[in-house]
Every structure is written in structure tokens, then in C-alpha cells.
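A.B. asks: Input: one structure, supplied below.
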Amino acid sequence: MNEEQRLHDSQIKADTPNKTVGKDYSQYFQSVYVPPSLKEAKKRGKEEVAYVDNFSIDPQFKDLGNGRKFYIRTYGCQMNEHDTEVMAGIFQQLGYAATATVDDADVILLNTCAIRENAENKVFGELGHLKHLKTEKPDLLIGVCGCMSQEEAVVNKILKTYHQVDMIFGTHNIHRLPQILHEAYLSKEMVVEVWSKEGDVIENLPKVRKGSIKGWVNIMYGCDKFCTYCIVPYTRGKERSRRPEDIIQEVRHLAAQGYKEITLLGQNVNAYGKDLPDIDYGLGDLMDELRKIDIPRIRFTTSHPRDFDDKLIEVLAKGGNLLDHIHLPVQSGSSEILKIMARKYTRERYVELVRKIREAMPNATLTTDIIVGFPNETEEQFEETLSLYREIGFEMAYTYIYSPREGTPAARMTDNVPMEVKKERLQRLNALVAEYAAKSMKAYEGQIVHVLVEGESKRNPDVLSGYTEKNKLVNFTGPKSAIGQIVPVKVTAAKTWSLDGELAETPADLKAGV
Ligand code: 5AD
Ligand code: SF4
């Protein structure tokens, strides 16, 4: 199928008037009711991804937000945070103003996360809290978007129980926000538009970025790995890479605007480029081009060990603005568990990959993600995770108790591990994580680190805080003019999760500051 046909197809998808829930309003206006389907979401078609590079607001919607305010609450990962920036950009182009409080808002969006059950429960709790606002302000629109919207069970639950919700739209439908809002204002019924299949790549989306120091740049969407516990391949669709020239242009643009740090985003960034039909181009090639851009720091997340190739290691070893902090989720230290998780590597292969990384970058910092209490995980298998943690010497880890996600293969497995055992394993792992984190921090005492200063510390406005190249949080005393700069800080004390310090020398351009 060529691009034109695909575009046409997606236009049809977008424009076909379906039905609203309950009464059919399609005779009055073009309304949308496209429910999600996990079965559809699982399919990986051979169709080419549609690249739509001309996003623009339909003139009929451009005054939709005049005199109105929007509020978006974001749950979950950086990908969601970045989607929120895009939606804020669309709201702004529609004439809406941002507000920081729900009471003040005319539209409230919950940009949700489906990765674990407790993330979902928080959203249902919040929907409960918001209900009273609807009574006080009948014109208020409440919307649910993000990963939870892609799940049938969630949409059905909202349709049945959460009547305060006016619109549900999926992760592939963000660019349709103007149409969805328009429908929601006209319809008395809930507007549901969730495309389950693959997803496209839409360029030229507006963005209101959260800050002007660090910026996120999507390099790819979706995931085809289908780890057996994970809902993401269903909620985020198939792997689609952005064209390198679009990414490079966005990074250049951010550099020109004065951004100091870029994080390249993707669910599995190491698969970048594999789906680009016309070029043999991977993450290593992309990083090799990005490192030439005049921006001090470039990071990427999240990596999958299976696709982490030699070319990338070779390019990262060139250093410069490419940081040698690598977040490399391992999930388990047991090859048997890794097999049932369908991670497609063994403990030995992971260790070998780390060896290669360290050979090329002796000072590389490694952090990871770990799941404990996967179905039927034995004590011995869990201890293999502890022993791998020690063997690698991770500096930090995000740790989770396995949470069954409806529709995934692992959720259908029987599980003989009681919750108390899972909790106890998490505690033991967390104690080890804290021990190693403290040890890695201690090594910085008396050293000079380079801190990208993000602002005043949350706890004390007299203290500034920021992150080192290795992503260590540093709180230090220094002039406010250091905000937005990379400054040398002498570490005076190490804590488990952060460092304390003082400005080591005052760079000339800060001297005039307060
Ligand atoms: N249960 C618990 N943790 C999960 N993760 C992904 N899916 C699940 C699940 N079903 C964790 C993995 C992943 C991180 C983003 O979330 O460790 O790397
Ligand atoms: Fe989920 Fe595995 Fe894809 Fe990561 S690589 S998003 S854990 S399926």
C-alpha cells in the first residue's frame, strides 16, 4: 500500500461517522465512537506507516478555546509527559489558556498510564474526585486519554460507571484532539475515539514544552517486543520510527533555542530505524549525527538489551555530548524467568553486553528496571536477581512487583507466589538497591561534578538543584543566575539518593548574578 492510499485510509478512519454511545446522533453531526480492541492492537500488519507531516488546525476549530482554560494531569512515563506537551500545544493553537488548578478549568484531561494496576487505580480515584466539579460547572469537559484508553476493559468500565467523563481518546488519536473536543461540546453522550491498529507518525505537531532547559524528543513510537507481562505493545501500537531528518531538525531547533539537554524517547529505542523501509539506519547512526549538534547533553531512554548493538556502543564511546549513563532494564537475573518473560536474552548475554559497554566506556553508569514476583518465580530465581545486581553493580534501579495486565500472556499464567512473598522480595531488593546507590554516591564526596541547574530545590528555595551527567541529583548553594547553566559543584556530602554541594568556582557569566 503506498503512502497516499494509507493517508486516504486514515482519513476515512478519521472521518467515518460512527455512532455515539446510546443514541445515534450521526444524522445531526459527524460524531465518533471507535472503541478499543486489544485483539486488533496485537496485530502487526505489513502496511507502511503513514507519515503525515502537515498537521494543522482545521480553521473551523481555531476559536474553540477562546475564553476557555485547560488542565492536563499526567500519569506514568516520559512518553506520556511529552504527549501532554503536544496536547498543550494543540490546546494553545485552539485558543485555550492553561490553568494550574482543576477548579478553574473548562477542560480537564487525565493522560493515563496502564503499566501497573496501581497506576490505573489512581486514575479511577481521581475521576471520582472530579465528579463534583461537573455538578458545579455543567459545561466542564472531562477527558481520559493515554494508555488506559487503549484498553477495552477500562473503556467499558468508564462507559458503565464514570458518567462524568465526556471523552475518551487513545494514544494514536492525540492529533484529533480538536475534532474530539468539538464533538464533545455538541454531544450529550460520551465521545469515544480509540484507534487500536498500528498508529501513524504525525509530524509538525505543536508543543508547549514544560521547561526551557531540558527537552524530550520522540524518536520512535510503539513496541514490537511483546514481553509477556507488558501492556505497552498493545497500548502504543507497532514500532514506528520518525525520519532521521525530522529528529535532527527538532534537536537543532531545541539547541538554537538554548536547551541544554535532550532525552531521546522511545519504548525500545534500540529498535530505532529497523522499520524504515528505504535506509539502513539505526540508533548508532542517529546518535553519531546528533553528537555533532551544539547541545551539551544527549540522553536516550529506554533501551532493550536485545537490540543494543556494537555500532551504538562504538558511537557512545566517542563521548562529547553523548552521556555515558545507560538505563538498561534487565527485569530479572534468572535466565528461566527471562525466557518466560520473552525478553529474548539470557543472564549471560546481558552480562556480556555490560562487559562490552564497560570495555568501551570504563566510566559508564548503569541503571535498570526489575520486576519481582513474576508468576511462579522461585526463591532461587529471585536470588539470581540479587546476585546479578551485585555482579553488575547497578547504581540505581526502578523496582516493581509484577502486576497482571489483562490481555497479556503472563496474566493468563497461574501464579503460586503469594503477595506477602512478593512484597518481602521487593523489600529485600530495595535494600540492596539503596546500599548500592549509597555506595555510588559516597564515591563523589570531595569531587567536582558538573550540574545542569534546573531551579530551586523543592524543599528549600535557598538551595539550587540539578542533575549531573550521570543523572545524580545535586542540591547546592549558589546564585540564582546559575539556573539553566551547567556549573561545577564540589560535593560536600553524599546521601543515598542525592548529593549535597557548593558551587566550586563562579563562572564569569554568573558573577554578575544574585
Ligand atoms: N508489572 C510490573 N512491572 C511492569 N513493568 C512493565 N510491565 C509491568 C507489569 N505488568 C515495568 C518494567 C518496565 C517498566 C517501565 O515497568 O520493569 O521496564
Ligand atoms: Fe514492554 Fe518489553 Fe516493549 Fe519494554 S520492551 S515496552 S517491557 S514489551
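A.B. asks: I'd like the projected area of the chain, averaged over all directions, using the convex hull of its alpha carbons. Report it in nm² with one decimal.
C.D. replies: On the way: hull surface 100.0 nm².
In nm², the orientation-averaged hull projection of the chain is 25.0.
A.B. asks: Nearest 20 debye, what's the magnitude of the dipole of the stretch 448-511 about its Cα centre given +1 on Lys and Arg Cβ and -1 on Asp and Glu Cβ? Each step should come with its number before you reach the end.
C.D. replies: Values: 8 positive and 8 negative charges, 37 e Å.
In total the dipole reaches around 180 debye.
A.B. asks: With the contact rule set at Cα under 8 Å and sequence spacing of 6 or more, what percent relative contact order holds for the stretch 209-442?
C.D. replies: This gives 17 percent for the stretch 209-442.
A.B. asks: Ok, one more. For the chain, what is the relative contact order in percent, using Cα pairs closer than 8 Å and at least 6 residues apart in sequence?
C.D. replies: Across the chain, relative contact order equals 10 percent.
A.B. asks: Compare the peptides 108-115, 292-299 by average per-residue count of other Cβ atoms within 10 angstrom and give them in order, highest first.
C.D. replies: 108-115, 292-299
A.B. asks: Further, regarding this structure: Compute the distance from the alpha-carbon center of the stretch 298-352 to that of the stretch 164-233, in whole Å.
C.D. replies: Here the answer is 28 Å between Cα centres.
A.B. asks: Based only on other Cβ atoms within 10 Å, what is the fewest-to-most ordering of R209, R355?
C.D. replies: Taking fewest neighbouring Cβ atoms as first place, the list is R355, R209.
A.B. asks: Also, I was wondering about something else. Convert each backbone phi in the stretch 105-121 into a coupling constant with the Karplus relation 6.51 cos²θ - 1.76 cosθ + 1.60 (shift: θ = phi - 60°), then list the ³J(HN,Hα) values in order as whole Hz, x for Gly and Pro.
C.D. replies: Result, rounded to whole Hz: 8, 9, 9, 10, 10, 9, 8, 9, 10, 10, 5, 9, 4, 5, 5, 5, 4.
A.B. asks: Using +1 on the beta carbon of Lys and Arg, -1 on that of Asp and Glu, and nothing else charged, what's the dipole of the chain about the Cα centre, debye to 20? Write down the numbers at each step before the final one.
C.D. replies: Values: 68 positive and 75 negative charges, 148 e Å.
Dipole of the chain, to the nearest 20 debye: 700 debye.
A.B. asks: For the chain, what is the mean residue ellipticity at 222 nm derived from helices alone (per DSSP H run of n ≥ 4: -39500 (n - 2.57); sum divided by total residues; nearest 500 deg cm²/dmol)? Show your work: numbers first, answer last.
C.D. replies: Numbers: 15 runs with 168 residues, N = 514.
When only DSSP H runs of four or more count, the value is -10000 deg cm²/dmol.
A.B. asks: Output wanted: per-residue J couplings in Hz (rounded whole) for the stretch 481-490, from phi through Karplus 6.51 cos²θ - 1.76 cosθ + 1.60, θ = phi - 60°, x for Gly and Pro.
C.D. replies: 5, 6, 4, x, 10, 9, 10, x, 10, 8
A.B. asks: Please tell me the relative contact order of the stretch 391-514 in percent, rounded to the nearest whole number, where contacts are Cα pairs under 8 Å and at least six residues apart.
C.D. replies: 22 percent.
Quick note: the coordinates plus some simple rules give every number you see, no bench work behind them. All of these numbers come straight from a predicted model, not from anything done at the bench. For neighbour counting, all protein chains shown are included, and Cβ atoms are generated from backbone atoms with ideal geometry for every residue, glycine included.
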